Amino acid sequence: MAIALTLISCTLSCTAQESGPSLPGHPQVPPEVPEFGLAADIWRDAVVTVPVRVKGRPPIKPAAMLSEDEVLLVTSSQMRPTFYSYDLRAGRIRTLGTAPKWAECGLCFEVMSVATSETSIVWTAGVYRSEPWNAGKRHVELWTMPRSGGRMRLVTWLTGHGEIPEGRLSIIGADAVWRGDRQTYRVPLGGGPVQRLPSATQTVPAAARELDGTRCGREWCVGMRPSRLNELTRLVVLRKDGTERREVVASYGGPLLNDRFGLFAGPYVNGNREMTYTAKHPAPQPVLYDRCTEKSGRIGGRLEDSATYGVSTAGERAADPEEPLLYWNSSDHKSWIVLDLSRIPDSSCT
């Protein structure tokens, strides 16, 4: 059996809410939607650039960082997946491994999440093969290969047929830990029984119940403050006990990545069934918010033939499994702009 590494791709958007009548104390004239600076300018040392295509090879996407100067790349899910190592200094690409031959059909082997350690690359994949026993349904598998390249090896199935949940993958010691929508598994990479772990129940603390769509991490929560007609949308970031509350000009998001970074949608003015953005940006551009410095910066690239913006998350480093890579297209669609959250100093948080 084979598994394809599928990158989690998300295009942030928000839904217009019906606005109530303007009340005393609320603006009669809509405020201007602010323009944010570019995240790539705010966190320059955390940004690297890789090509979308290398001569003689199919299109590629970032999957994880192998080192400060080496990026793990993977081909599109529409073809037989191949992993590459890209040397940022030399601009040189090297093939690490290719999925089984049967994965040549589109989406047969769709890579979903990826993690790395000092010795291994591990990934989950949504797998479909046209065989009599699989009833034409996908399932999720866990695969691994040496970090330096070599043969890909199936470790185990993670779901039954017809189950393709999103999940986050990390490596802890000699085990891979996959946290799916409803279940969590700890898988020994060297062989042995798979351990099913209890999934944490998500409850909204009392301090955040007046907010809309509240989502919490370990210690911090994010929710949307109800807005009135002609008000700028805002998110509220606060601890579970209600302390250290602050408002962020944005419109969707949470929970914070590693309890620090907010991947939010840009703000809009809450009009009567309409959402007003900036003149430069006719749709909400994704915003990265850093709780520790209170800085926000625009991320994401304009999608082709669309007014919307896209930003994707890629695999985590083993050292910081909760701080993934964020990447998006450059304006000319020839490069990937990659923001490595683990490179942003944490001195301001300590």
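The values are calculated or read from the model by the stated rules, or taken from the named source; none is laboratory data. Given the structure is predicted, the values throughout are model-derived calculations rather than measurements. When we count neighbours, we look across all protein chains shown, and the Cβ atoms used for this are built from the backbone with ideal geometry, even at glycine. Heavy atoms of the whole protein, side chains included, go into the accessibility calculation; ligands, DNA and RNA do not. Shrake-Rupley method; radii C 1.70, N 1.55, O 1.52, S 1.80 Å.
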- Query: What are the residues in region 137-161 that are open to solvent by 50 Å² or more (accessible area, probe 1.4 Å) and at pLDDT below 90, if any?
  - Reply: Lys137, Arg138, Trp157, His161
- Message: Could you check region 174-185 and list, in sequence order, the residues that are without any contact (Cβ under 8 Å) to a residue 60 or more places away in the chain and either among the aromatic types (Phe, Trp, Tyr) or open to solvent by 70 Å² or more (accessible area, probe 1.4 Å) (or both)?
- Response: Ala174, Arg179, Asp181, Arg182, Tyr185
- Note on the structure: Exactly one of Arg179, Arg153, Arg196, Arg209 is within 22 Å of the chain's Cα centre (by Cα) and among the charged types (D, E, K, R), and that residue is Arg179
- Item | Every pair of residues 6+ apart whose Cβ atoms lie under 6 Å, when the first sits in region 187-200 and is surrounded by 15 or more Cβ atoms within 10 Å (Cβ to Cβ) while the second is modelled with pLDDT of 85 or more and aromatic (Phe, Trp, Tyr) | Val194/Tyr185
- Residue check: is Thr184 modelled with pLDDT under 90, hydroxyl-bearing (Ser, Thr, Tyr) and touching a Lys or Arg at 6+ places or on another chain (Cβ under 9 Å)? yes
- Query: Of the residues in region 50-90, how many are under 16 Å from Pro324 (Cα atoms) and open to solvent by 40 Å² or more (accessible area, probe 1.4 Å)?
  - Reply: 4
- Message: Checking Thr159 against (1) part of a strand (DSSP E or B); (2) under 22 Å from the mean Cα position of the chain (by Cα): exactly one of these is not met. Which one?
- Response: (1)
- Would you confirm whether any residue within region 8-17 is at pLDDT below 55, assigned to a strand (DSSP E or B) and not aliphatic (A, V, I, L, M)? yes
- Any idea which residue in region 215-229 is surrounded by the fewest Cβ atoms within 10 Å (Cβ to Cβ), counting only those that are in contact with a Gly (Cβ under 7 Å, 6 or more places away or on another chain) and outside any strand (DSSP E or B)? Arg228
